[in-house]
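For reference, the structure is listed below as structure tokens.
Here, each number is a calculation from the coordinates, and none is a lab measurement. Since the model is a prediction, treat every value here as computed from it, not as a measurement. In this analysis, Cβ positions are derived from the backbone assuming ideal geometry, glycine residues included, and neighbour counts consider all displayed protein chains.
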Amino acid sequence: MIRAAIGYVEMKPNTILIKGPRIIDPGSGLDQVGDILVQDGNILAAGLVGDGVPDDCRVIDAGNLVACPGFIDIHCHLREPGFEYKETIATGARAAARGGFTSICCMPNTEPPIDNAAVVKFIQERSREDAVVRVFPIGCVSRGRRGKELSEMEELAAAGVVAYSDDGDPVYDPNLMRLALAYSADLGLAISNHCQDYSLFRDGVMAEGRVATHLGLAGIPAAAEEAMMARDISLAGLTGGRLHLTHLSTAGSVPLIRQARERGIRVTAEVCPHHLTITDEWVMGPGGMESGAAGLSSYDTFTKVYPPLRSQADVDALVQGLADGVIDCIATDHAPHDLSCKLDTYQDAAFGISVLETALGSALQLVHQGLMSLPEIVDRLTAGPARVLGATFDSLATLKPGTPADIVLFDPDLEWVVDTEQFASMGKNTPLQGTTLKGRVMATLVAGRLVYQDGQNA
């Protein structure tokens, strides 16, 4: 049963009228209060619908809500195959629907890794059977993600991968990265590298700085990200390949991308909600150094993420880079873990945060703080990732007539308390547990089918 909050009336199944929301569609430049008419899973009209609405259509009363294209996540971990005790394609997809994501791209650090067409086919088939949202696999850059030799990139492209990455590990060998970027120029798919030079920090577990020093934890310097990023930008310029830079965390990364763009290099970038909204002080708990915990050597392993949470100066620079368009999009880097991986010492706990279900509430902090506009945030969750992935995704990031009815309805002002017991994801590992966010998804539709509704998956 649909909750009254979205005023849903069950009627004719193949025609839906979403009535009265503020429609924000960066793909068509639309920002107005109006209606959306959906027929047979596609957008029939958006904005001023007119008089052609069937009397017996299904109606969603969405007054006071925002309607926009479904969010696209170009970086998440679904763990299947191989780590189904952390997450499955089914549970990850349900979590995505609760977060407003209608298309998600899963990283290849599975077991076996996504380095051949057979694994791609497995994920596609399992997604068709179990996933309530669209799932797109990302293939490995190297065989087995071992960084020794290239994967069969052309075979993977033919099988349907949408990008290449060894995420979880960087492509260390610069010549291998050069070859991968050269192939990417021909295949039209980006190389998405995890830019972290391990040799610069070895046993680091959080951002290098005063908080790490206070807690006696080994730090990860900003240079670990920026040095490999500079290498990859140089190689992209050399080859003409398509480079995508993942989960930016440092202030110094932003000018590197800006300068690369000025030189005409094909580079795009993403940033995660946690790197935009919380700092390394959260390692000591939500209050950080100001909470009274400064005299204690305590820490929250749910804040352990890779790359690490960094300083407020880094957060400010990343927000500005996102607002300016230097950073193309917001991606979750959703990394679910079983609790045993987190209930450990900070040194030994697993890296990663479960993000899909809190992403919108976190990102909207930038709107409520006056740092970005609501249309800008919607763009970075929809049209931005579609631009990174290429023309295939254009129809999934707009409400233009004739495109698939992938739609999210959300209340930008609704406050709610994060309760991981309510998560659809198997991963309960978030430092946001118990905190209040402002802005919540009320309904998600994929190809006109309601897959999430105010508090429950369909």
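Quick check on region 199-268: what does the Kirkwood estimate of hydrodynamic radius come out to from the alpha carbon pairs, in Å?
With all distinct Cα pairs of region 199-268 included, I get 13.2 Å.
May I ask you to evaluate 6.51 cos²θ - 1.76 cosθ + 1.60, the Karplus curve with θ = phi - 60°, for each residue of region 424-432 and list the ³J(HN,Hα) values in order in whole Hz, giving x for glycine and proline?
Ordered by residue, 3J(HN,Hα) equals 7, 5, 6, x, 9, 8, 9, x, 7 Hz.
What are the residues whose amide H is under 5 Å from the amide H of Asn42, where those residues sit 5 or more places off or on another chain and H is modelled from the backbone?
Those qualifying (amide H under 5 Å, at least 5 residues apart or on another chain) are Ala405.
Give me the angle, in degrees from 0 to 90, between the Cα long axis of helix 312-324 and the longest principal axis of the Cα atoms of the chain, rounded to the nearest 10.
Its long axis makes an angle of about 50 degrees.
Provide the gained length on full extension for the span Leu339 to Lys148, in nm with one decimal, where the gain is 0.36 nm per separating residue minus the Cα-Cα distance.
My answer for the length gained is 65.5 nm.
Per DSSP H run of n ≥ 4, the term is -39500 (n - 2.57); total these for the chain, divide by its residue number, and report the mean residue ellipticity at 222 nm rounded to 500 deg cm²/dmol.
Using -39500 (n - 2.57) per qualifying helix, the result is -7500 deg cm²/dmol.
Using θ = phi - 60° and the Karplus curve 6.51 cos²θ - 1.76 cosθ + 1.60, what whole-Hz ³J(HN,Hα) does each residue of region 376-381 get, with Gly and Pro shown as x?
Once θ is set to phi - 60°, the couplings for region 376-381 become 5, 5, 4, 4, 6, 9 Hz.
Could you pull out every residue, at least 5 positions away or on a different chain, whose amide H is within less than 5 Å of the one on Asp413? Hs are placed 1.01 Å off N in the peptide plane, and Pro or chain starts have none.
Arg440
Output ³J(HN,Hα) for region 266-275: one whole-Hz value per residue in order, computed from phi by the Karplus curve 6.51 cos²θ - 1.76 cosθ + 1.60 with θ = phi - 60°, and x for Gly and Pro.
With coefficients 6.51, -1.76 and 1.60, one gets 7, 9, 10, 8, 10, 9, 9, x, 5, 6 Hz.
First measure r as the distance between the Cβ atoms of Asn64 and Arg202, then evaluate 1/(1 + (r/R0)^6) with R0 = 56 Å and state the FRET efficiency to the nearest 0.05.
0.60
Can you say what percent of the DSSP beta bridges in the chain, counting only those with both residues inside, are antiparallel? Round to 5.
Close to 55 percent.
Hey, how many Å between the Cα centroid of region 124-179 and the Cα centroid of region 358-400?
If we compute the Cα centre of each part, the gap is 24 Å.
Note down the magnitude of the dipole of the chain about its Cα centre, charges +1 on Lys and Arg C-beta and -1 on Asp and Glu C-beta and zero elsewhere, to the nearest 20 debye.
About 340 debye.
List every residue whose amide H lies under 5 Å from the amide H of His244, counting only residues 5 or more places away in sequence or on a different chain, with H placed 1.01 Å from N in the peptide plane.
Distant-sequence amide H within range of His244: Ile191, Ser192, Asn193, Thr268.
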